[in-house]
Amino acid sequence: MTEDLKTALRPALMLLIAFALLLGLAYPLAMTGIGKVLFPTRANGSLILERGKVVGSALIGQSFTSTRYFHGRPSATGDGYDAAASSGSNLAPNAKALIERTQADIARIRESGVTGDLPADLVTTSASGLDPHISPEATFLQVPRIAEARELPADRVMALAKASVEQPLLGLIGEPRVNVLMLNRALDRMRP
Amino acid sequence: MTVQGWMFIILFIALIAAIARPMGAFLFALYDGRPMPLLGPVERGFYRIGGVDPARDQSWRGYAIALLLFNLFGVALLYAVLRLQGVLPFNPQGFGAVSSDLAFNTAISFVTNTNWQSYGGETTLSHFSQMFALTVQNFLSAGTGIAVAFALIRGFARRDTKGIGNFWADMTRATLYLLLPLSIILTIVYIALGVPQTFAASVDATTLEGAKQTLALGPVASQLAIKMLGTNGGGFFNVNSAHPFENPTALTNFIQMLSIFAIGAGLTWTFGKAVGNTRQGWAILGTMLLLFTVGVAITYWAEAGGNPLITHLGVSDTLGNMEGKDVRFGIVASTLFAVVTTAASCGAVIAMHDSFMPLGSLMPLFNMHLGELIIGGVGAGLYGMLLYCLLAVFVAGLMVGRTPEYVGKKIEAREVKLAVLAIASLPLAILGLTALASVTDAGLAGRLNMGPHGFTEILYAFTSAAANNGSAFGGLTANTPFYNGLLALGMFIGRFFVIIPVLAIAGSLAAKRHTPEGAGSFPTTGALWIGLLTAIILIVGGLTFLPALALGPGADQAALMAGFVQ
């Protein structure tokens, strides 16, 4: 037994060091180099630049509260969409805090004149707190509010919203969805 | 539930069944010690600096001691890196040292292939810690698991010998020829699909509404690739694979799920090939996929129906229970992922299990209670399942009054005792530690949700730790000395109190002679065997936890259906 222990000392130490250098430094450094060469934009976080300034990432949701923009989902991170500290709400389905929060969000949405059953994504927080997407239904029901705030014809805003819907890959992988930040950027570019 | 949803699930299962044979054949070449292309000089160089003779067989004790020492040094290195984080390079956010209890917990967590996240990823760890501490053990703990599986397979395949292989060679070959090349390919695919890979600091953005948004970035893709492939599951970010940077699209999500199961499924074929009958391997994979499909069906059904307390307020139920789930994944991928990650000892998440319906969280919990033998952790799934195969032939032997045999080996008292020892360590750790936390102030203080759901948070934590899973009911505040310490204990028991008996069984079996299958042998392929094995798994592995599950998800669901809000 002590003989086994003695013979194992050197390989245990030396192989750990060798593997740490290979897997902990060489591998991630090489991958970073390859990533920067092949896919520079994506390796750097799919950042969106507007006149040289970063306005966000195409992959990360943002907080929208103005009536002029499509709103994303409620977020449980920090003050909402805190991309430096991702988090879900972790509330149980029968937590009092969940029911009260949902009631408040429903009341706020109803104020803009929306009737009927609301799509679930619009009144629930995502897992990441950074969900960039909402469902097509959650997008379409916001169109009248935005058309009014921007004094645009509702059918033009609806056409833009419909054109923003992404469909599942091969009809199977993923869900129909709309990237709220991308849609709002397109909205800002619309001429009256 | 939708037709498309079920087509998606069937596509996934079909692809796993299709991967099993080619992956298994490659694993068999590794197991068999065949020379490999490209990295041969690296392999020989590693042996030279380690003073290893890869051809020298070790007894089971020698194998176990080598493994334990290597893992012990791994804990020490990981702990040291986290404690010294503040003075080490690649730390653009200037994070300071990780606290001692959190560093200890994380070190045990990554070495045991658990990857429980008491740490917060982007808010706690430097790029250097992510790479040099976490990523390294993502590889090595997976390599260790494959090595143990190889050793046990040799126990069945060899005869009249003391040796069960060489730990250094098994671990090195699995890491260099399987884990590293596949991780390189997957990293490039992930970057191409949007996962960041950079050493830059966080980026400040000015949002469309003029607010400031800080985007945490880092070398995510290289960590993500091995985190899935090695069934580790420790996230670069706090919310793990739910984070859009760690899982940007439905396609990256699908690839992640496939890579969690790929090696574990392949090992079943390797086993069959090594014992001379691939049908033995298919019987094991068939049992796994049977249990898996039932788990997916129950979870999908529970989540797709929505939360009645929310729909009651005037919310449509067509999208299902969306609290704690991202839109790009939706219900079907979120529930499939939850079952995959708990079946396979991975522990990565794309949805918050704490916000699942109580019945939706039941199968993830139960998968872990069974010991994660449905595909399972790399290596760990196969050796966990083989322990149950020994129990099943033992029970069958008792019924017909004959010495049990399995794939050409007589199974006697010593092997059965060791198998029961390994299997019993799991309920001991899970139920013992859960009971302790449920009656102490420090344990109860961690709960976010109250009532039966709060109990489930505690039960889930110790289940996840002892089963070396790593997923969580994230509401539980686990970064306290109490939880960091006890969860580390659970992880240690769950890993090494299984590995050591498994290696002892391997040694005991290797020494036996081959017993050819006779007319009286109980067949260990075909429907009868799969039925018996499934029954033994459910009765021995599952029943122990029934009272705890009734108090947790059972009582919780009943309360919810009665409209009881807490």
Problem - Hydrodynamic radius (Kirkwood) for the range A:47-189, which is based on Cα pairs only, to one decimal in Å - result: 16.0 Å
Problem - Label-point gap, in nm, between B:LYS410 and B:LEU313 - each point 7 angstrom along Cα→Cβ - result: 6.7 nm
Problem - Spin-label zone in the range B:251-273 - amide nitrogen under 17 Å from a point set 7 Å from the Cα of B:GLU517 along the C-beta vector - result: B:269-273
Problem - Relative contact order for the range A:12-110, counting Cα pairs under 8 Å that sit 6 or more residues apart, in percent - result: 10 percent
Problem - Descending semi-axes in whole angstrom, ellipsoid equivalent of the range A:3-43, from the Cα gyration tensor - result: 37, 6, 5
Completion exercise
The rounded separation in angstrom of the Cα centers of the range B:42-65 and the range B:74-123 is 29 Å
Exercise for the section: Calculate the dipole size of the range B:315-430 relative to its Cα centre from +1 charges on Lys and Arg beta carbons and -1 charges on Asp and Glu beta carbons; express the result in debye to the nearest 20. Expected result: 480 debye
Handout entry: In the range A:1-58, trypsin sites (Lys or Arg not before Pro) in a DSSP loop with at most 11 other beta-carbon atoms within 10 Å
Key = A:ARG51
Practice task
Using Cα pairs closer than 8 Å and at least 6 residues apart in sequence, work out the relative contact order for chain B, in percent.
Solution key: 19 percent
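For the range B:387-562, what is Rg from Cα atoms divided by 2.2 N^0.38 Å, rounded to two decimals? Walk me through the intermediate numbers first.
Working: Rg = 19.8 Å, N = 176, 2.2 N^0.38 = 15.7 Å.
Against the empirical 2.2 N^0.38 Å value, I get 1.26 for the range B:387-562.
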Problem - Sequence-distant lysines (8 or more away, or on other chains) whose Cα lies within less than 25 Å of B:LYS410 - result: B:LYS162, B:LYS273, B:LYS512
Handout entry: Dipole-positive endmost among B:VAL498, B:PHE271, B:LEU487 within the protein assembly as shown (Cβ charges, Cα centre)
Key = B:PHE271
Handout entry: In range of the label at B:LEU551: residues from the range B:350-366 whose backbone nitrogen is under 15 Å from the point 7 Å along Cα→Cβ
Key = none
Practice task
Evaluate the relative contact order of chain A (contact order divided by residue number), counting alpha-carbon pairs under 8 angstrom at least 6 apart; express in whole percent.
Solution key: 19 percent
Exercise for the section: Using amide H atoms built 1.01 Å from N in the peptide plane, name the residues 5+ places from A:ILE48, or on other chains, whose amide H lies under 5 Å from its own. Expected result: A:VAL55, A:GLY56, A:SER57, A:ALA58
Completion exercise
Gyration tensor (Cα only) of the range B:29-187 to equivalent ellipsoid, semi-axes in Å sorted down, yields 32, 17, 13
Completion exercise
B:PHE564 and B:TRP301 label points (each 7 Å along its Cα→Cβ direction) are spaced in nm at 2.4 nm
Practice task
Report, ordered by chain and residue number, the lysines lying within cross-link reach of B:LYS212, taken as a straight Cα distance under 19 Å and ignoring same-chain residues fewer than 8 apart.
Solution key: A:LYS53
Completion exercise
For chain A, whose charge dipole is built from +1 on Lys and Arg Cβ atoms and -1 on Asp and Glu Cβ atoms, the candidate among A:LEU130, A:PRO74, A:PRO28 with its Cα farthest towards the positive end is A:PRO28
Completion exercise
The percentage of the accessible area of chain B (probe 1.4 Å, all protein chains present) made up of carbon and sulfur atoms, to the nearest whole number, is 68 percent
Fill in the blank from the handout: Stretched fully, the stretch from B:THR293 through B:VAL420 gains (0.36 nm per residue minus C-alpha distance, one decimal, in nm) 43.0 nm
Exercise for the section: Evaluate 2.2 N^0.38 Å with N set to the residue count of the protein assembly as shown, then give the Cα radius of gyration divided by it. Expected result: 0.94
Completion exercise
If amide H atoms are modeled at 1.01 Å from N in the peptide plane, then the residues at a separation of 5 or more from B:VAL315, or on another chain, having amide H under 5 Å from its own are A:LEU118
Practice task
Could you compute the FRET efficiency for B:MET399 and B:LYS162, with r as their C-beta to C-beta distance and R0 at 56 Å, rounded to 0.05?
Solution key: 0.95
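Roughly how many Å² is the accessible area per residue of chain B, as a whole number, for a 1.4 Å probe?
Value returned for chain B: 30 Å² of accessible area per residue.
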Handout entry: Fraction of accessible area attributable to carbon and sulfur, the range A:3-43 (%, probe 1.4 Å)
Key = 76 percent
Completion exercise
Phi-derived 3J(HN,Hα) across the range B:528-537 with the Karplus relation (6.51, -1.76, 1.60, θ = phi - 60°), rounded Hz, x for Gly and Pro, is 4, 5, 4, x, 5, 4, 4, 5, 5, 4
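Give me the summed buried accessible area for the B-A pair, 1.4 Å probe, to the nearest 100 Å². Let's see the in-between values first.
Values: alone 21200 and 12920 Å², together 25550 Å².
The buried area between B and A, both sides summed, comes to about 8600 Å².
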Handout entry: Whole-Å semi-axes of chain B's equivalent ellipsoid (Cα gyration tensor)
Key = 36, 29, 22
Completion exercise
A correct Karplus calculation of ³J(HN,Hα) over the range B:193-206, with 6.51 cos²θ - 1.76 cosθ + 1.60, θ = phi - 60°, whole Hz and x for Gly and Pro, returns 9, x, 6, x, 8, 8, 9, 5, 6, 4, 10, 8, 10, 9
Problem - Within-15-Å neighbourhood charge of B:LEU38 [Cβ basis; K, R +1; D, E -1] - result: +2
Handout entry: the range B:150-228 and the range A:54-93: distance between their alpha carbon centers, rounded to Å
Key = 28 Å
Exercise for the section: Principal axes first, then extents: for the Cα atoms of the range B:137-238, list largest minus smallest coordinate on each axis, whole Å, largest first. Expected result: 75, 23, 18
Fill in the blank from the handout: With +1 on the Cβ of every Lys and Arg and -1 on the Cβ of every Asp and Glu, the dipole magnitude of the protein assembly as shown about its Cα centre, in debye rounded to the nearest 20, is 1900 debye
Problem - 3J(HN,Hα) from dihedral phi, the range B:498-510, Karplus parametrisation 6.51/-1.76/1.60, rounded to Hz, x for glycine, proline - result: 9, 4, 5, x, 5, 5, 5, 4, 4, x, 5, 6, 4
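Tell me the GluC sites (Glu not before Pro) within the range A:111-192 that lie in a loop according to DSSP and have at most 10 other beta-carbon atoms within 10 Å. The partial results should precede the final answer.
Numbers: sites: A:GLU111, A:GLU137, A:GLU148, A:GLU151, A:GLU166; in loops: A:GLU151.
Hits after loop and neighbour filter: A:GLU151.
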Exercise for the section: Please calculate how many Å² of accessible area the range A:47-189 carries per residue, with a 1.4 Å probe and no DNA, RNA or ligand atoms counted. Expected result: 41 Å²
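The values are calculated or read from the model by the stated rules, or taken from the named source; none is laboratory data. Given the structure is predicted, the values throughout are model-derived calculations rather than measurements. Methodologically, a virtual Cβ is constructed for each residue, glycine included, from the backbone with ideal geometry; neighbour enumeration extends over all protein chains shown. When the accessible area is computed, the model is the full protein with side chains, heavy atoms only, and any ligands, DNA or RNA have been set aside. Shrake-Rupley method; radii C 1.70, N 1.55, O 1.52, S 1.80 Å.
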